[in-house]
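*Asks:* Provided herewith is a single structure, encoded as structure tokens, for subsequent inquiry.
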Amino acid sequence: MNAIGTIALNTFRETLRDKVFYNLFVFALLMIGSAVLLGTLTIGEQVKIIKDIGLASIDLFGVLIAIFVGVGLVSKEIEKRTIYTIVAKPVHRYQFLLGRYCGLAFTMWVNTSVMLGALCLILVTSGAMPDSGIMKAVALIAVAQLVVLSAALFFSTFTTPTLSGIFTLAVYVIGELTPDLQMMSDRLSGALKELLLALYYLLPNLALFNVKGEAVYGVPITGEYMMTTVAYGMAYVTFVLIASCIVFQQRDF
């Protein structure tokens, strides 16, 4: 655990020096801030516009950070050849992977917390108080980002950063459309139906984590839904991390 913690801390410090992270982070804050201007253009709907754009910005830029920073977690070590130094030390490969994952996950948690703080500040200055729906929506967004990050880590264990980014982006897009895959498979037959069903069961159902509409329009989000969705997300993350460790263990350097 000490090795994982040390690697996670170093990853956190390393991520804070990444220019891509800061570019996306600043742009996300600008997007959240622009919600105030767009909200003034809609009479009587300012708060809903602020919530909608704010939550969408937290979701989108969190996923982009997970993809663009996450795919380099392993590949950077290989390109810089620092991986040879790491594997030569008494550190198991699974400890290296889990440490890298935990470090970036913590960075994303800090990033999401700051963006949530900015959204709450804008809501308060606009005369509205942040409600529990906003908090629950952001909590599920954070879990969805962990799922996407685990996919980025998995692909980075056996392919290039470019392909890892493409594969992870595909997982995110298809994951958001998972309910549509099931409906489409019901209308098809043969190999295509089997393919869609395989994607439906294999890829994460990221639509479950999308409750932004409910938060914006004040639709109740039950505690039971929160618990089952978070449990599903963490179970999926665990499965992908185990698969990542197995693949990384077999890789030759």
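*Asks:* Given the stretch 125-253, what whole percent of its Cα pairs are spread farther than 22 Å?
*Replies:* On the way: 3933 of 8256 pairs.
Distances greater than 22 Å cover 48 percent of the Cα pairs.
*Asks:* Still on this structure, please answer the following. Need one word for the stretch 178-250: rounded, prolate or oblate. Basis is the Cα gyration tensor (sqrt eigenvalues a ≥ b ≥ c); a/c below 1.5 gives rounded, then a/b vs b/c decides.
*Replies:* The shape class here is oblate.
*Asks:* Give the accessible surface of the chain per residue, rounded to a whole number of Å², with probe radius 1.4 Å and ligands, DNA and RNA excluded.
*Replies:* Heavy-atom SASA per residue in the chain reads 51 Å².
*Asks:* If only Cα atoms are counted, what is the Rg of the stretch 78-201, and what is its Dmax, in Å?
*Replies:* Every Cα atom of the stretch 78-201 included, Rg and Dmax give 19.7, 58 Å.
*Asks:* Would you mind telling me the share, in percent, of accessible area of the chain contributed by carbon and sulfur at probe 1.4 angstrom?
*Replies:* Numbers: 8920 of 12920 Å².
After summing per-atom areas, the C and S share lands at 69 percent.
*Asks:* If you don't mind, another one. Along the Cα-to-C-beta direction of Leu9, a point sits 7 Å from the Cα; which residues of the stretch 87-123 have their amide N less than 12 Å from that point?
*Replies:* It comes to no residues whatsoever.
*Asks:* Moving on to the next point. Remind me, what semi-axes does the stretch 117-167 give for its equivalent ellipsoid, largest first in whole Å, using sqrt of 5 times each Cα gyration tensor eigenvalue?
*Replies:* Here the semi-axes work out to 35, 11, 6 Å.
*Asks:* For the chain, modelled as a Gaussian network with Cα springs under 10 Å, which listed residue fluctuates most, Ala207, Ala191, Ala28?
*Replies:* Result: Ala191 has the largest fluctuation of those listed.
*Asks:* Could you pull the Rg and Dmax for the chain, using just the Cα atoms, both in Å?
*Replies:* 19.5, 63
*Asks:* If I model a spin label as a point 7 Å beyond the Cα along the Cα-Cβ vector, how far apart are those points for Ala231 and Arg251 in nm?
*Replies:* 3.4
The values are calculated or read from the model by the stated rules, or taken from the named source; none is laboratory data. Remember, predicted model here, so these are calculated numbers, not experimental data. All Cβ positions, even for glycine, are placed from backbone atoms using ideal geometry, and neighbour counts span all protein chains on display. Note: areas computed on protein heavy atoms with side chains; ligands, DNA, RNA excluded. Shrake-Rupley method; radii C 1.70, N 1.55, O 1.52, S 1.80 Å.
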